[in-house]
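A quick write-up on the structure given underneath.
The values are calculated or read from the model by the stated rules, or taken from the named source; none is laboratory data. These numbers were taken from a predicted model, which means no experiment stands behind them. Positions of Cβ are generated from backbone atoms using ideal geometry, with glycine treated the same way; all protein chains shown enter the neighbour counts.
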Amino acid sequence: MRVEKEADLRNYTTIKIGGKASFLCFPATYEEIFHAVRMAQDKGLPVFFLGRGSNTIFGDYKGVVIMTREFKEIKVRRKGNKVFVSAECGVPLSELVKLAVNMNLRGIYRLVGFPATVGGAVAMNAGAFGCETSQYIRSLLVMTWDGTIERLSAEELSFGYRSSPFPQMGIVLRADFEFAMADFDVKKEYQLIKERRKRTQPINMPTSGSTFKNPPGTYAGQLLEKVGMKGYRVGDTALSDLHANFLVNLGRGKFTEVIKVLQEAKKRVYEEFGIELEEEVRIVESCGAYGR
Ligand SMILES: Cc1cc2nc3c(=O)[nH]c(=O)nc-3n(C[C@H](O)[C@H](O)[C@H](O)COP(=O)(O)OP(=O)(O)OC[C@H]3O[C@@H](n4cnc5c(N)ncnc54)[C@H](O)[C@@H]3O)c2cc1C
């Protein structure tokens, strides 16, 4: 297994900000994943499973980052008006979206436009435009921290808004989904969503997507806009002037700047509305065993 020491993480996240990880591992088999986890446990270091890094910002991380990108197998089976897809954790979510457009499948095409992996989408229960990843899961193949590999059915798992039992429970190795054929033109709706994203989100800049979760009954972006955070900038890190809840890197953004922007945003929203914003983006520093 390839292992890099003191690895620069900047290029492994979509916002392209990052410090260094003590170890960055590129396993290609499930045994190698466990080997990397054991190495971390032996050294007393925390573990972070990394997909596409599209919801993750690293500081310096004294821990072991385990990349999932080598796990790319996908199997598709059609039965009547149902399509069953089994995808390994490193499969790009865009492949499921493409499949949905080509096969005219309901729901999942709505997740067009964000650069996730299947594992990251399951762990975050990623969602958009009324569709969440967990809605389509039949079962997951999971490796727990002691190396046990088990299959868990959807009924055994509990998902919430941008939350799941992962990575706390371990790593999602493979997800099995069930999709239904649509009785409308999926491609047309997909195009509309794609255009709307382009118009309203800074998708062509280095970004980590939504920074804060939407508090119950309201939108983080609206609250941030009301307190003047749209376009707020510290150095080369800013909340986008297109969408106040999207953190962007304007050039040489730094982790310390990220923290300052987040602190200011939370402070202003709390002072004005009494609402404590909670990060959706995973901020990963030295502390925090087994990722967050
Ligand atoms: C332009 C843009 C637009 C976005 N729009 C949306 C949106 O509309 N809706 C939305 O929900 N998100 C959105 N996001 C955020 C992001 O794409 C999602 O959260 C996505 O699911 C993260 O996937 P990832 O593979 O990049 O995960 P990472 O950022 O690599 O990891 C995220 C978390 O998942 C865990 N994880 C990753 N893989 C595994 C695994 N195999 N097993 C266990 N845990 C794992 C990590 O440890 C980490 O805690 C957007 C991001 C960008 C850049």
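The residue that is farthest from the ligand (Cβ to nearest atom), among those in the range 217-229 that are closer than 26 Å to Y161 by Cβ and surrounded by fewer than 18 Cβ atoms within 10 Å (Cβ to Cβ), is K226.
Scan the range 51-58 and give yes if some residue there is over 21 Å from P115 (Cβ atoms) and touching a Lys or Arg at 6+ places or on another chain (Cβ under 7 Å), otherwise no.
Step one: list which residues in the range 51-58 are over 21 Å from P115 (Cβ atoms), which gives none.
There is no residue in the range 51-58 that is over 21 Å from P115 (Cβ atoms) and touching a Lys or Arg at 6+ places or on another chain (Cβ under 7 Å).
Checked against (1) of a type outside the set (G, A, S); (2) over 20 Å from the mean Cα position of the chain (by Cα); (3) away from the ligand (no atom under 12 Å from the Cβ), W145 meets all criteria but (3).
Look at K62 and say whether it is surrounded by fewer than 18 Cβ atoms within 10 Å (Cβ to Cβ), modelled with pLDDT of 95 or more and not in a helix (DSSP H, G or I). Give the derivation first.
Values: surrounded by fewer than 18 Cβ atoms within 10 Å (Cβ to Cβ): yes; modelled with pLDDT of 95 or more: no; not in a helix (DSSP H, G or I): yes.
In short, no.
If I filter the range 200-212 for residues that are in contact with a Lys or Arg (Cβ under 9 Å, 6 or more places away or on another chain), closer than 29 Å to A238 by Cβ and without any contact (Cβ under 8 Å) to a residue 60 or more places away in the chain, do I get at least one hit?
The initial filter retains those residues of the range 200-212 that are in contact with a Lys or Arg (Cβ under 9 Å, 6 or more places away or on another chain), namely 203-204, 206, 208, 210, 212.
After this cut, where a residue has to be closer than 29 Å to A238 by Cβ as well, the list is 203-204, 206, 208, 210, 212.
If we keep only those that are without any contact (Cβ under 8 Å) to a residue 60 or more places away in the chain as well, we get 204.
Yes: the range 200-212 contains one or more residues that are in contact with a Lys or Arg (Cβ under 9 Å, 6 or more places away or on another chain), closer than 29 Å to A238 by Cβ and without any contact (Cβ under 8 Å) to a residue 60 or more places away in the chain.
Applying the criterion of being surrounded by 11 or more Cβ atoms within 10 Å (Cβ to Cβ) and within 14 Å of the ligand (Cβ to nearest atom) to the residues of the range 151-162, the residue that is farthest from A121 (Cα to Cα) is L152.
Among the numbered conditions (1) modelled with pLDDT under 95; (2) touching a helix residue (DSSP H, G or I) at 6+ places or on another chain (Cβ under 8 Å), the only one that R199 does not meet is (2).
So if I check each of T237, T256, which one is β-branched (V, I, T) and in contact with a strand residue (DSSP E or B) (Cβ under 7 Å, 6 or more places away or on another chain)?
On the way: T256 fails: in contact with a strand residue (DSSP E or B) (Cβ under 7 Å, 6 or more places away or on another chain).
Criteria check complete, one pass: T237.
Restricting the range 11-42 to residues that are of a type in the set (D, E, K, R), assigned to a helix (DSSP H, G or I) and touching a residue at least 12 places away in the same chain (Cβ under 8 Å) leaves a set whose member that is surrounded by the fewest Cβ atoms within 10 Å (Cβ to Cβ) is R38.
Conditions (1) within 16 Å of the ligand (Cβ to nearest atom); (2) more than 27 Å from F166 (Cβ to Cβ); (3) assigned to a strand (DSSP E or B), marked per residue:
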{"position": "E195", "(1), (2), (3)": "yes, yes, no"}
{"position": "K198", "(1), (2), (3)": "yes, yes, no"}
{"position": "P202", "(1), (2), (3)": "yes, yes, no"}
{"position": "N214", "(1), (2), (3)": "yes, no, no"}
{"position": "A238", "(1), (2), (3)": "yes, yes, yes"}
{"position": "L247", "(1), (2), (3)": "yes, no, yes"}
{"position": "G251", "(1), (2), (3)": "no, yes, no"}
{"position": "E264", "(1), (2), (3)": "no, yes, no"}
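Among residues of the range 141-154 that are over 17 Å from A87 (Cβ atoms), those with a beta-carbon under 6 Å from a residue that is of a type in the set (F, W, Y) at least six positions away or on a different chain give the pairs G147/F34.
Are any of the residues in the range 164-180 farther than 20 Å from L96 by Cβ and not in a loop (DSSP other than H, G, I, E, B)? If you could, list the steps in order and put the result at the bottom.
Taking the range 164-180 and keeping what is farther than 20 Å from L96 by Cβ, we get 165, 167-170.
After this cut, where a residue has to be not in a loop (DSSP other than H, G, I, E, B) as well, the list is 170.
Yes, the range 164-180 contains at least one residue that is farther than 20 Å from L96 by Cβ and not in a loop (DSSP other than H, G, I, E, B).
Total residues in the range 252-292 satisfying the condition of being at pLDDT 95 or above and on the phi > 0 side of the Ramachandran plot: the figure is 1.
Scan the range 44-61 and tell me whether some residue there is more than 22 Å from the chain's Cα centre (by Cα) and either near the ligand (Cβ under 10 Å from one of its atoms) or not hydrophobic (A, V, I, L, M, F, W, C) (or both). Break it down into steps so the answer makes sense when it comes.
Of all residues in the range 44-61, those more than 22 Å from the chain's Cα centre (by Cα) come to 44-45.
With either near the ligand (Cβ under 10 Å from one of its atoms) or not hydrophobic (A, V, I, L, M, F, W, C) (or both) added as a condition, the list becomes 44.
Yes - at least one qualifying residue is present in the range 44-61.
Would you mind stating whether F184 is aromatic (F, W, Y) and either out of contact with any strand residue (DSSP E or B) (no Cβ under 6 Å at 6 or more places or on another chain) or farther than 19 Å from R110 by Cβ (or both)? Full working, then the answer.
Working: aromatic (F, W, Y): yes; either out of contact with any strand residue (DSSP E or B) (no Cβ under 6 Å at 6 or more places or on another chain) or farther than 19 Å from R110 by Cβ (or both): yes.
Against the criterion (aromatic (F, W, Y) and either out of contact with any strand residue (DSSP E or B) (no Cβ under 6 Å at 6 or more places or on another chain) or farther than 19 Å from R110 by Cβ (or both)), F184 qualifies.
Is there a residue being closer than 20 Å to S164 by Cβ, within 14 Å of the chain's Cα centre (by Cα) and near the ligand (Cβ under 8 Å from one of its atoms) anywhere in the range 94-113? Yes: the range 94-113 contains one or more residues that are closer than 20 Å to S164 by Cβ, within 14 Å of the chain's Cα centre (by Cα) and near the ligand (Cβ under 8 Å from one of its atoms).
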